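Engineer: Before anything else, here's the structure in question.
The values are calculated or read from the model by the stated rules, or taken from the named source; none is laboratory data. These numbers were taken from a predicted model, which means no experiment stands behind them. In this analysis, Cβ positions are derived from the backbone assuming ideal geometry, glycine residues included, and neighbour counts consider all displayed protein chains. With ligands, DNA and RNA removed, areas are computed over all heavy atoms of the protein, side chains included. Shrake-Rupley method; radii C 1.70, N 1.55, O 1.52, S 1.80 Å.
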Protein chains: 2
Amino acid sequence: MTIRNKKVAIVSPVAWRTPPRQYGAWETVAGNITEGLVARGWDVTLFATADSITRAHLHAVVDRGYEEDPAIDPKVAEYLHISEAFEHAAEFDLIHSNYDFMALCFSRLVKTPVLTTIHGFSSPRIMPVYEKYRDEYFVSISNSDRAPGLNYLATVYNGIDLSLYPLQERGGDQLVFLGRIHPDKGVHLAIEVAHLSGLPLLIAGIIQDQTYFREQVEPHLDQKIRYIGPVDVQGKNELFARASALLHLNTIPERFGLVLAEANAAGVPVIAMDLGSCREVIEDGQTGFVVNNAEEAVERLQHLPAINRKACRHRVEQLFSIEAMVESYERVYQTIFELEARKQS
Amino acid sequence: MTIRNKKVAIVSPVAWRTPPRQYGAWETVAGNITEGLVARGWDVTLFATADSITRAHLHAVVDRGYEEDPAIDPKVAEYLHISEAFEHAAEFDLIHSNYDFMALCFSRLVKTPVLTTIHGFSSPRIMPVYEKYRDEYFVSISNSDRAPGLNYLATVYNGIDLSLYPLQERGGDQLVFLGRIHPDKGVHLAIEVAHLSGLPLLIAGIIQDQTYFREQVEPHLDQKIRYIGPVDVQGKNELFARASALLHLNTIPERFGLVLAEANAAGVPVIAMDLGSCREVIEDGQTGFVVNNAEEAVERLQHLPAINRKACRHRVEQLFSIEAMVESYERVYQTIFELEARKQS
């Protein structure tokens, strides 16, 4: 395609490094988009923290993620980072923002078209910004995570780097929870499933809600239910190798759920709550089960042997690979270039 | 002057209404600049909350101050408010920002020159923004509150509306503290002066630091030392009528100190700490005393009868009136228009 001679700026968040060392879903996906585009021959500039790792051109004005350096004021870092990208807008044919509502507020001050992938509506209080800029270009990361009235060009599922999560042919006998320790992620429900089933549970992830951890997780920790802290990619793979299933009993609608795809990539079946995107990421009965409560999750455990681990990986390859994601974004970019050309003619 | 046919946008903060109902120093001054310019025939558009009161054109996208409505996210309000002003930049010959570092991040995206009055460096962590935009146009509000290396065009002292604070010819017998209840403002030192002198003290202002209030103010409250909560303009005048002196024993450098000028306008002598701008706003021995600690403040109390109340007001009329401030800003604006014209020729 001739559009690959276009120059694209990818704006990643600066909460964490791109790609993040451990937690940081938005930075993970922004990084995957960047590397996927580079692999397909695009001229890409990544706006991210200065310690980021990329094969694209890196443009950075913030040294480190503000979550990784208390000397950095988040608001200051965001303003400096986003404005820097827009000050260089004329150098690009497209600015692809992966950074929440803030970049939208700069979009009308430049001629370069701006595409925003909405990685989640972090609060109802940010909706006034989306309402004002509703006619800009948007991508949703699942069909379920859409706000009415926005000019969506497509849903593009997040893509993961499949080489990072090799297929674990056999799996283990542990239930695994992997995610932020926060009520939204239903760690307490995973613990309930472990109690009801008598199966061992490994819990991994950053503690985002200390009170929740102290009151609803810590008291249940023992020989069979263990918390091992946050894990990096290697740690995730070690978890997947020991897993009979990933439990993801989220209590609010999931926007996408990267870890569901990562687990499936490794061949691990996922038991997920039927909220938000889970039914899109997991094919019920084929790559795991979508349930409505902890009791249903316990019941499904006996059906785990029916899940084909290779089929789990195969579905991720088809739908949630970097390549699939980047091909979708190429189509979105093409649409934008055509729309913009029409405006000018 | 012919420059008054130029169109000016004044950007006020949106923490509070402009002018604020009670507390809100930046909004007070931004409002005074606006009304002063209008009074002198300028075409001014005020960007502020929708409930603001002005004789200028009001342009608002945020309904109420985010400090006055918990449903409003401060970050969202700031982004929407500031970007709206810059999206209309082409309609103005000058954007005069009174809103901290954020507006600077939009300044390079428009052709309209941007003047920033720095009402205070709220944190050392915001300095990277000023370093990046050091060559923009800046005004300091006192000679003491300057950061090295910025392109300052002038110091313009804050101006107050003298009609709001009529001269109290006689005054009373109370010591008065008026300001945020926060360690920075030295409420505890005012209490110490009251204890050492045996004089009664009236304390007014919003409680910004609850722990400080509970631990260092509340235990001292009794018949002679009283806390009366926040006060509006009328409440301030009632305080000034009862005051023998205003105690302003700040513990960090004052940036300007609006309340010092307000008290002086009402004829109330001020005893202020020799930190930051206090020595610029108060003329030591003429409109009050500038001291180094509570003991010195107590010693100065006996010299209060030597302070001429009319002289206090007269100095405010000369230096800290809206008219004096706006005349100074007109000179700054003129300088900017000349510099910009030179750039274009």
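Engineer: Where in segment A:157-235 are there trypsin sites (Lys or Arg not before Pro) that are in a DSSP coil and have at most 13 other Cβ atoms within 10 angstrom of their Cβ?
Structural biologist: A:Arg170
Engineer: Taking the Cα centre of chain B as origin, sum charge times position over the Cβ atoms of Lys and Arg (+1) and Asp and Glu (-1), and report the length of that vector in debye to the nearest 20.
Structural biologist: Result for chain B is approximately 520 debye, rounded to the nearest 20.
Engineer: Counting each DSSP H run of 4 or more residues in chain A as -39500 (n - 2.57), what helix-only mean residue ellipticity at 222 nm follows after dividing by all residues, to the nearest 500 deg cm²/dmol?
Structural biologist: The helix-only estimate for chain A comes to -9500 deg cm²/dmol at 222 nm.
Engineer: Using a 1.4 Å probe and counting only protein heavy atoms, how much accessible surface gets buried when A and B come together, both sides summed, in Å² to the nearest 100?
Structural biologist: 2500 Å²
Engineer: Say a label goes 7 Å from Cα toward Cβ at B:Glu317 in every copy; what distances in nm does this one have to the rest, shortest first?
Structural biologist: B:Glu317 label point versus its equivalents elsewhere: 8.9 nm.
Engineer: What FRET efficiency comes out for the pair B:Leu153/B:Ala39, r = Cβ-Cβ distance, R0 = 22 Å, nearest 0.05?
Structural biologist: The calculated FRET efficiency here is 0.45.
Engineer: Right, another one. If you wrap a convex hull around the C-alpha atoms of segment A:1-88 and split its volume per residue, what is the figure in Å³?
Structural biologist: It is 79 Å³ per residue.
Engineer: Starting from the Cα of A:Asp173, step 7 Å along the direction of its Cβ; do the same at A:Glu327; then give the gap between the two resulting points in nm.
Structural biologist: Taking the simple label geometry, A:Asp173 and A:Glu327 are separated by 4.1 nm.
Engineer: Follow-up question, since we're still on this one. Given axes a ≥ b ≥ c from the Cα gyration tensor, I'd like to know whether segment B:180-243 is rounded (a/c under 1.5), prolate (a/b larger than b/c) or oblate.
Structural biologist: Oblate, since a/c reaches 1.5 and b/c is not below a/b.
Engineer: Let me ask something additional. If I take the rotation axis that carries chain A onto chain B, which residue of chain A has the nearest beta-carbon, and at how many angstrom?
Structural biologist: Nearest-to-axis residue on chain A, with distance in whole Å, is A:Leu109, 2.
Engineer: Then there's this: Whose amide H sits under 5 Å from the amide H of A:Tyr137, counting only residues 5 or more places off or on another chain, with H placed in the peptide plane?
Structural biologist: Residues meeting the amide H criterion: A:Val114, A:Thr116.
Engineer: Need the C-alpha centroid separation for segment B:23-80 versus segment A:283-308, integer Å.
Structural biologist: Cα centroid to Cα centroid, the span is 56 Å.
Engineer: Separate question: Take the alpha-carbon positions of chain A, form their convex hull, and give its projected area averaged over all directions (one quarter of the hull surface) in nm².
Structural biologist: Working: hull surface 68.1 nm².
The Cα convex hull of chain A, projected and averaged over all directions, gives 17.0 nm².
Engineer: Now a separate question. Could you pull out every one of the aspartates and glutamates with an alpha carbon less than 18 Å from that of A:Lys132, ignoring same-chain neighbours closer than 8 positions?
Structural biologist: A:Asp100, B:Asp63, B:Asp73, B:Glu78, B:Glu84, B:Glu87
Engineer: Give me the log10 of I(q) over I(0) for segment A:150-206 at q = 0.15 Å⁻¹, as the Debye formula computes it from C-alpha points; what are the numbers?
Structural biologist: -0.68
Engineer: Just the accessible area for B:Glu295, please: 1.4 Å probe, Å², rounded to the nearest 10?
Structural biologist: 100 Å²
Engineer: At 1.4 Å probe size, with the rest of the protein present, what percent of the exposed accessible area of chain B is carbon and sulfur atoms?
Structural biologist: The nonpolar share, carbon plus sulfur, comes to 48 percent.
Engineer: OK, next. Give me the base-10 log of I(q)/I(0) for segment B:249-297 at each q in 0.17, 0.20, 0.24 Å⁻¹, Debye formula, one uniform scatterer per Cα, rounded to two decimals.
Structural biologist: With one equal scatterer per Cα and no solvent, log10 I(q)/I(0) is -0.40, -0.55, -0.80.
Engineer: Which loop GluC sites (Glu not before Pro) in segment B:116-218, with loop taken from DSSP, have no more than 13 other Cβ atoms within 10 angstrom of their Cβ?
Structural biologist: On the way: sites: B:Glu131, B:Glu136, B:Glu169, B:Glu192, B:Glu215; in loops: B:Glu136, B:Glu169.
Sites meeting the loop and neighbour criteria: B:Glu169.
Engineer: Provide an ascending nm list, one decimal, of label-point separations from B:Ala341 to the equivalent residue in each further copy; define each label point as 7 Å from Cα along Cα→Cβ.
Structural biologist: In ascending order, 4.7 nm.
Engineer: May I ask for the Rg/Rh ratio of the protein assembly as shown, computed from Cα atoms with Rh as the Kirkwood radius, given to two decimals?
Structural biologist: 1.06
Engineer: At B:Asp284, label 7 Å along Cα→Cβ: distances to the other copies, nm, ascending?
Structural biologist: 8.0
Engineer: Follow-up. Between B:Lys7 and B:Glu283, what is the label-point separation in nm under the 7 Å Cα-to-beta-carbon projection?
Structural biologist: For B:Glu283 paired with B:Lys7, the spin-label model returns 4.3 nm.
Engineer: Residues with beta-carbon under 12 Å from that of B:Leu202, excluding B:Leu202: net charge, scoring Lys, Arg +1 and Asp, Glu -1?
Structural biologist: Net of charged neighbours comes to +2.
Engineer: Take the Cα atoms of segment A:41-99, build their convex hull, and give its volume per residue in Å³.
Structural biologist: Hull volume over Cα atoms, normalised by residue count, gives 82 Å³.
Engineer: D for segment A:128-179, whole µm²/s, Stokes-Einstein with Kirkwood Rh over alpha-carbon pairs at 4 °C and 1.567 mPa s: what number?
Structural biologist: Value of D from the Cα-based Kirkwood radius: 89 µm²/s.
Engineer: Now a separate question. About the Cα centre, and with charges only on the beta carbon of Lys, Arg (+1) and Asp, Glu (-1), how big is the dipole of the protein assembly as shown? Nearest 20 debye, please. If you can, show how the numbers build up before the last one.
Structural biologist: Working: 66 positive and 90 negative charges, 180 e Å.
Taking the Cα centre of the protein assembly as shown as origin, the dipole is about 860 debye.
Engineer: Now, a different point. Using a probe radius of 1.4 Å on heavy atoms only, what accessible surface per residue do you get for segment B:69-200? Whole Å² is fine.
Structural biologist: The answer is 35 Å² per residue.
Engineer: Relative to the compact-globule scaling 2.2 N^0.38 Å, provide the ratio for the alpha-carbon radius of gyration of segment A:98-239.
Structural biologist: 1.37
Engineer: Mind jotting down a quarter of the surface of the convex hull over the alpha carbons of segment B:220-345, in square nanometres, one decimal?
Structural biologist: Answer in nm², one decimal: 10.2.
Engineer: Lysines within cross-link reach of A:Lys343: Cα-Cα under 16 Å, excluding same-chain residues under 8 positions apart?
Structural biologist: Here the lysines satisfying the reach criterion relative to A:Lys343 are A:Lys111.
Engineer: How much accessible surface does B:Ile322 have with a 1.4 Å probe, in Å² rounded to 10?
Structural biologist: 20 Å²
Engineer: Roughly how far apart, in whole Å, are the Cα centres of segment A:244-265 and segment B:313-327?
Structural biologist: Each part's Cα centre sits 65 Å from the other's.
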